[in-house]
Amino acid sequence: GCGNGTDKKANSEANTTEKKVVRVAFTNYYVPYDFVNQAGEPDGFEVQVMKEVEKLLPQYQFKFEPTSDDDLLIGVESGKYDVGIKGVWQTEARKTKFIFPKNNIAASVIGLTFRKSDADKIKDMDSFAKIGGKLVPIAPQNAQYAVVEDYNKKHPDTPIKLLPSESFQVADAYTWVLEGRYDAFFDIELAYKNNVVNDKGTYHKFNDQLAYVRYNAIPTYPIFNKKDQEFADAYDKAIEQLTQSGKIKELEQKYFGEDLLQLVKK
Amino acid sequence: MELNYDFMVQTFPAILKGIPVTLEITLVSLLVAAPVSFFMALIRIYQVNILRQLVRVYVSFIRGTPMVLQILVVYSLLPSLLNYLIKSLGWAFNVFEIDPAWYAYVVFTLNTIALLSEVFRSALLSVNEGQIEAGLSVGMTLPQVYRRIIIPQAMVAALPNLCNLAVNLIKNTSLAFLMTVKDITATGKIAASYGYNYIEAYVDVFVVYLILCTLVQLLFSFAEKQVGAFRQLKYN
Amino acid sequence: MLRLTGIHKDFNGNPVLKGIDIAVEKGDVVVILGPSGSGKTTLLRCINFLEQASSGEMIFDDLRLQLNKVSATDKRNVRKKTAFVFQNYNLFNNKTALENVTEGLIIGRGVPKNQAIEIGKAMLDRVGLSDRYQYYPSQLSGGQQQRVGIARALAVQPEVILFDEPTASLDPELVGDVLEVMKNMAREGMTMIVATHEMQFAREVANHVIFMEGGNIIEEGPPEQIFFKPKVERTKSFLSRILKSTA
Amino acid sequence: MLRLTGIHKDFNGNPVLKGIDIAVEKGDVVVILGPSGSGKTTLLRCINFLEQASSGEMIFDDLRLQLNKVSATDKRNVRKKTAFVFQNYNLFNNKTALENVTEGLIIGRGVPKNQAIEIGKAMLDRVGLSDRYQYYPSQLSGGQQQRVGIARALAVQPEVILFDEPTASLDPELVGDVLEVMKNMAREGMTMIVATHEMQFAREVANHVIFMEGGNIIEEGPPEQIFFKPKVERTKSFLSRILKSTA
Amino acid sequence: MRPFDPLFIIEVIPDLLPYLWVTLAVVVGSVVLGTLFGFVLAAAKLSSRRLYRLLGDGYTCVIRCTPAVILLFIVFYGLPKFFLEVFDYDINEFNKMFFVIITFTLLFAASISEVIRSAYLAIDKGQYEAAVSVGLTPLQAFYRIVLPQGTIIALPNFTNSFITLLKEGALAYTIGLIDLLGAGNLIIARNYGSYALEIYLALSAIYWGMAILFEKALFGLESRLSRYKKTRSA
Ligand SMILES: Nc1ncnc2c1ncn2[C@@H]1O[C@H](COP(=O)(O)OP(=O)(O)OP(=O)(O)O)[C@@H](O)[C@H]1O
Ligand SMILES: Nc1ncnc2c1ncn2[C@@H]1O[C@H](COP(=O)(O)OP(=O)(O)OP(=O)(O)O)[C@@H](O)[C@H]1O
Ligand SMILES: [Mg+2]
Ligand SMILES: [Mg+2]
């Protein structure tokens, strides 16, 4: 069957001294949440949280597997991986495929980057939607795509024009907004801060021509294979401990420089 | 793990809508590339000075560089540059209104030209020199000899490779999704994204390709039989 | 009508033709004899520009050409007035016997299709292939292919035909038939240059014989002289066998 | 040693061989005559399994084969004892003249390379090609190619050689040379089956003559009988021309 | 205009080069295995046995219909399951390169078998006949006589497939195997999407360099094998 991962666990359970191996798939290119660092090691906020979780769960041994979004989703669904982290938003449809734990692992702050000259017209998502501005296309497997889709479901009268496209992994979007090809770019805040606001950023010279408005902070979850309920529960307990001990906050400061989780609307 | 069959059935018609896009890019690329690459093949066969060098560099460059870069240049940088030029000339034309399908045509045609020119070159070389001589000796011009004698014979060697190329092109048009052009694979990905029904979507996509590419391959093998009628089969 | 002077040809420095002069008048049948490898084929190919001579001059009707640099139009003009029967046939592989014959008529000379087919059939009939119109070269025997090659050349009614061993694969009966056809054509004023090993045939068809060896013309003259009173020792010894058997 | 009975062959329903029986003894030189298209090449090809006969039996030494279903090993065994000289030469395009000759020795029969090269050179010398060892087929004249083909077949010293028009492109001198070589080989016990149009040659080389037409054997017998006292009218008329000229 | 830092192109190359061997291993592995399998397939398709032809044609048709990503997933997920169920052997932990090479071998074989088949058919049958008539086995006749001549016709198409594979191999990142292109993408991601053009240019330089080397070698082989041919003149 698909759950050969669990078969293996069953074997190792008999042997009490041996730890259960869980395979944690994480996406490669989602800085600063999940990525492979210069040294070739798993890194990122979500990855670090998972490493802390591992420390609190002596019965498990984590094995981190960097991979693509596509493989992560198929792999967790089929049981090749036990957990996947890639900044997943929770939706009802997804719950039929995966186990979502009670506690989120991180939060993603996203918003709109646009030309400063449009600052009088674009104040938030709603005003952007109203003027019918053009949004830089988003890859459908990206988290942002689902957010906009969700927004459109909630605002059927003034939907945002959402154009899907495979993503380049390229910051050309800023150029596209500047030259008027598109009116706004829906992205995570950190990218904007690092590229434009940060005075070492490559797009810093456009700092006075671009503007950013925050849309929302959305909780992101690890996804578990349907057979891993037990593990998901263990995860929940560990996260609660980590939150209380302040470890999460510490990591947030390290990776984001601020308390993102607080922004999440409960 | 269990598959969401309802999703598969519901999504299938949506994915079918990607077929015209895929076929359009494939056909445009092949049709535009065919004459160009044929002449490039001739340039290399007859070793025309300078031009031969140019062709070699072109083929090598297009074949040797990742398509992502080519798309980045053609789809992202080129329009920016054009926009800059047009704006500074004070014209009213908006480059960004151009249908991205055009960029896809350009990128895939450029690639097809490079690959096809080599297919043609090898096919033309497989025809015996004596056939040209015979054609010339009965008063045909060289272009006539090529059209009537050489190309029909070369087609026999070219068709299987042309089929490879066509089928690969059909599959590779999925890269056009980088330019927001929604082919078969792209429609599948879009459909899959909301509920993370990737496995189901890929199965659908696979079925569509299976049908489409099988038809194309049948067409080619039929054509090969027709074109190769003069040749005795070699099964022994 | 056709005059060649000083034809030289070498392959990568190896001389194969070392200064050939030939003059041919309308209706002449010139036969070129000579041992294998003496340059007969190369000479014929140079005349039709299938091989580029290193030097030499050609005067064809009122056209005067330097053989080492012939323009594409001049080539085409000469080729329109000539035809070639290849030693290895070189039939169009993708065309039936009939199409092989009509191709030059329809495409090369713009003869209407119906008319071309009629001519084509008549030509194939003449070489005894009335039951092979629709066969592809790969389905024909050696002799049949050779005859299609002859029919193809005759069909375009050129001023000059260059024959390279036209009867090598033919049986004596067919050699006789081809001989007949060629004689008729010569009578009608067609000019022919024929490279052959078939002495019998050469003797009957030729009105001028050239004997080549090692890229040179060793001896030439009317057939009676070459066959029965050769002046050069080499010619004599070359012909000795055939002379012996017919003597 | 080689006995063929009831060979039939058709191409897409058109019969080309209609029941051929031949018996050949060691050292025999059997010549097959017949008009172009009569099935000579097809017959030889069937004997070497290059064409699959529709029916017929072959007894080769102590091997007994049904020609319409021959196993790969039987094919190979027979081919090891035979060689073929092709009407259109079929030289290996990618090999030099010498390599064409040595290939069958080195690869086919496992002769050491040095020895094979020696044999190859000797064979090429015998057919007058001592100055063409390193030429590729595309650089050879028709007659030279034909001679390489002959040398290639002779080199492997087979029990039986199948010659398909071995002298078509050769001049009389070379025909004489080849004749000489073949006679020697026959004397040494090599068996040969020769399809040819060259009557002169046939007469001198044959000890048994078969006359074919339309896929049938019309007449057969010793050369004196076939050439000078043919019983069948058709044979007579076929040979009339050559007889006329030699009479 | 977008920011552009040409120096970065050169600076990034040392970060990319360590992944070159992954790309090369995938390509060379797949090409070698795929070519061998391609010969088998071509032989099946040219066989006189109907069954072999059917199998060869069927395989080629289906695999050519399959997008590389999908085949990669089928192999990556299907093969371990197959091994586990049939041999009770877990290959899930095998190096990912193993699955990538298997995938591209299967793909490459399908298209290369057509390259081989068409080249084989373009060689005059008489060449084979002459070879067996002097006592070569059909196999010897094939590799001594037909293959060298067919290679000339096959090489341009072979090079097409080869170099296409060189780039297509980057698909390996889909199952998390980082090759040259994957490494580039990682660097882009670490820079929040900046320097993409520079990195792609650096990558292209490396890919093109490799392509030129392979082209040179294969075209050299083509010219060498073509020695016996006359060059065509107008
Ligand atoms: N593949 C084929 N398909 C159909 N007919 C064929 C095929 N091959 C040969 N034939 C026919 O079979 C007959 C015999 O051919 P074959 O080559 O044996 O003749 P041949 O006696 O050798 O003639 P030649 O003296 O001209 O070489 C011919 O009429 C030819 O048209
Ligand atoms: N491409 C070539 N390269 C080198 N030598 C060549 C080439 N073509 C022909 N030759 C040589 O030129 C000489 C003349 O060849 P040609 O074909 O003209 O002879 P031929 O008189 O027609 O002989 P045959 O009677 O055998 O047909 C031969 O010795 C041949 O080896
Ligand atoms: Mg010649
Ligand atoms: Mg024959």
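The values are calculated or read from the model by the stated rules, or taken from the named source; none is laboratory data. Small disclaimer: the values here were computed from a predicted structure and weren't measured. Neighbour counts run over all protein chains shown; Cβ positions are idealised from the backbone, glycine included. Side chains included, ligands, DNA and RNA excluded: accessible areas come from the protein's heavy atoms. Shrake-Rupley method; radii C 1.70, N 1.55, O 1.52, S 1.80 Å.
For E:D88, only one of the following conditions fails: (1) touching a residue at least 12 places away in the same chain (Cβ under 8 Å); (2) on the phi > 0 side of the Ramachandran plot. What is its number?
Result: E:D88 passes all but (1).
Just need a number here: residues in the range D:120-169 that are closer than 24 Å to D:A202 by Cβ, assigned to a loop (DSSP other than H, G, I, E, B) and of a type in the set (D, E, K, R).
2
Inside the range A:22-115, counting only strands (runs of 3 or more DSSP E) that do not spill past its ends, which hold 2 or more residues that are free of Cβ contacts under 8 Å to residues at least 60 places away in the same chain and either away from chain B (no Cβ under 11 Å) or basic (K, R) (or both)?
Qualifying strands (runs of 3 or more DSSP E): A:34-36, A:60-67.
Only one of A:D43, A:D70 is touching a Phe, Trp or Tyr at 6+ places or on another chain (Cβ under 7 Å) and at pLDDT 90 or above. Can you tell me which?
A:D43
Mind checking which residues of the range C:38-61 are within 11 Å of ligand 2 (Cβ to nearest atom) and of a type in the set (D, E)?
The answer is C:E51, and nothing else.
Residue by residue through the range B:152-181, note down the ones that are at the interface with chain A (Cβ under 9 Å from one of its Cβ atoms) and of a type in the set (S, T, N, Q).
B:S174, B:T180
Can you tell me which residues in the range B:9-33 are open to solvent by less than 30 Å² (accessible area, probe 1.4 Å) and modelled with pLDDT of 95 or more?
Taking the range B:9-33 first, the residues open to solvent by less than 30 Å² (accessible area, probe 1.4 Å) are B:11, B:15, B:18, B:22, B:25-26, B:29, B:33.
Passing the criteria: B:T22, B:I25, B:T26, B:S29, B:A33.
Listed here are the residues, each with its yes/no results for (1) under 16 Å from the mean Cα position of the chain (by Cα); (2) within 16 Å of ligand 1 (Cβ to nearest atom).
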{"site": "C:S54", "(1), (2)": "no, no"}
{"site": "C:Q66", "(1), (2)": "no, no"}
{"site": "C:D74", "(1), (2)": "no, no"}
{"site": "C:Y89", "(1), (2)": "yes, yes"}
{"site": "C:K95", "(1), (2)": "no, yes"}
{"site": "C:N100", "(1), (2)": "no, yes"}
{"site": "C:L105", "(1), (2)": "no, no"}
{"site": "C:G108", "(1), (2)": "no, no"}
{"site": "C:G128", "(1), (2)": "no, yes"}
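Could you list, in sequence order, the residues of the range B:187-221 that are more than 30 Å from A:D70 (Cα to Cα) and at pLDDT below 95? First the steps, then the outcome.
Step one: of the range B:187-221, the residues more than 30 Å from A:D70 (Cα to Cα) are B:218-221.
Matches in the range B:187-221: B:S221 only.
Which numbered condition in (1) acidic (D, E); (2) within 14 Å of chain D (Cβ to nearest Cβ); (3) in contact with a Ser or Thr (Cβ under 9 Å, 6 or more places away or on another chain) is the only one that C:D131 fails?
The failed condition is (3).
Restricting the search to the range C:173-193, which residues are within 14 Å of another protein chain (Cβ to nearest Cβ) and either closer than 20 Å to D:G143 by Cα or among the acidic types (D, E) (or both)?
Filtering the range C:173-193 down to residues within 14 Å of another protein chain (Cβ to nearest Cβ) leaves C:173-180, C:193.
Across the range C:173-193, the qualifying residues are C:E173, C:V175, C:D177, C:E180, C:I193.
Is there a residue in the range C:107-116 that is touching a Ser or Thr at 6+ places or on another chain (Cβ under 9 Å), away from ligand 4 (no atom under 16 Å from the Cβ) and within 14 Å of chain D (Cβ to nearest Cβ)?
No, that holds for no residue.
From A:Y192, A:Y182, A:Y212, A:Y151, which residue is among the aromatic types (F, W, Y), closer than 30 Å to B:I71 by Cβ and open to solvent by 40 Å² or more (accessible area, probe 1.4 Å)?
On the way: A:Y192 fails: open to solvent by 40 Å² or more (accessible area, probe 1.4 Å); A:Y182 fails: open to solvent by 40 Å² or more (accessible area, probe 1.4 Å); A:Y151 fails: open to solvent by 40 Å² or more (accessible area, probe 1.4 Å).
Going through A:Y192, A:Y182, A:Y212, A:Y151 in turn, just one is among the aromatic types (F, W, Y), closer than 30 Å to B:I71 by Cβ and open to solvent by 40 Å² or more (accessible area, probe 1.4 Å): A:Y212.
Matching residues to (1) within 16 Å of ligand 3 (Cβ to nearest atom); (2) closer than 16 Å to D:D171 by Cβ; (3) in contact (Cβ under 8 Å) with a residue 12 or more places away in the chain:
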{"position": "C:G149", "(1), (2), (3)": "yes, no, yes"}
{"position": "C:V160", "(1), (2), (3)": "no, no, yes"}
{"position": "C:P172", "(1), (2), (3)": "no, no, no"}
{"position": "C:E198", "(1), (2), (3)": "yes, yes, yes"}
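Could you say which residue among B:Y202, B:Y209, B:Y198 is farther than 14 Å from B:N111 by Cβ, within 11 Å of chain A (Cβ to nearest Cβ), touching a helix residue (DSSP H, G or I) at 6+ places or on another chain (Cβ under 6 Å) and open to solvent by less than 10 Å² (accessible area, probe 1.4 Å)?
Details: B:Y202 fails: open to solvent by less than 10 Å² (accessible area, probe 1.4 Å); B:Y209 fails: within 11 Å of chain A (Cβ to nearest Cβ).
Result of the check over B:Y202, B:Y209, B:Y198: B:Y198.
For C:S169, indicate whether it is facing chain D (nearest Cβ under 7 Å) and more than 19 Å from the chain's Cα centre (by Cα). So that I can check it myself, show each step before the final result.
On the way: facing chain D (nearest Cβ under 7 Å): yes; more than 19 Å from the chain's Cα centre (by Cα): no.
Taking the combined requirement at face value, the residue does not satisfy it.
Determine whether the range D:71-82 contains at least one residue that is at pLDDT below 95 and of a type in the set (A, V, I, L, M).
Yes: the range D:71-82 contains one or more residues that are at pLDDT below 95 and of a type in the set (A, V, I, L, M).
Among strands (runs of 3 or more DSSP E) lying entirely in the range D:12-104, which contain 3 or more residues that are small (G, A, S), out of contact with any strand residue (DSSP E or B) (no Cβ under 6 Å at 6 or more places or on another chain) and more than 24 Å from D:E220 (Cβ to Cβ)? Let's see the steps before the verdict.
On the way: elements: D:14-24, D:29-33, D:55-60, D:63-66, D:82-85.
In the range D:12-104, there are no strands (runs of 3 or more DSSP E) which contain 3 or more residues that are small (G, A, S), out of contact with any strand residue (DSSP E or B) (no Cβ under 6 Å at 6 or more places or on another chain) and more than 24 Å from D:E220 (Cβ to Cβ).
Considering only the range E:129-144, state which residues are part of a helix (DSSP H, G or I) and within 8 Å of another protein chain (Cβ to nearest Cβ). It would help to see each step written out before you state the result.
As a first pass, look at the range E:129-144 and keep what is part of a helix (DSSP H, G or I): E:129-133, E:138-144.
Of everything in the range E:129-144, those that are part of a helix (DSSP H, G or I) and within 8 Å of another protein chain (Cβ to nearest Cβ) turn out to be E:E129, E:A130, E:A131, E:V132, E:S133, E:P138, E:Q140, E:R144.
If a residue must be open to solvent by 10 Å² or more (accessible area, probe 1.4 Å) and within 16 Å of ligand 2 (Cβ to nearest atom), how many such residues does the range D:148-164 contain?
Residues that pass the stated criteria total 0.
Can you find even one residue in the range D:140-148 that is within 13 Å of chain C (Cβ to nearest Cβ), within 16 Å of ligand 1 (Cβ to nearest atom) and closer than 17 Å to D:N90 by Cβ?
Yes, the range D:140-148 contains a residue that is within 13 Å of chain C (Cβ to nearest Cβ), within 16 Å of ligand 1 (Cβ to nearest atom) and closer than 17 Å to D:N90 by Cβ.
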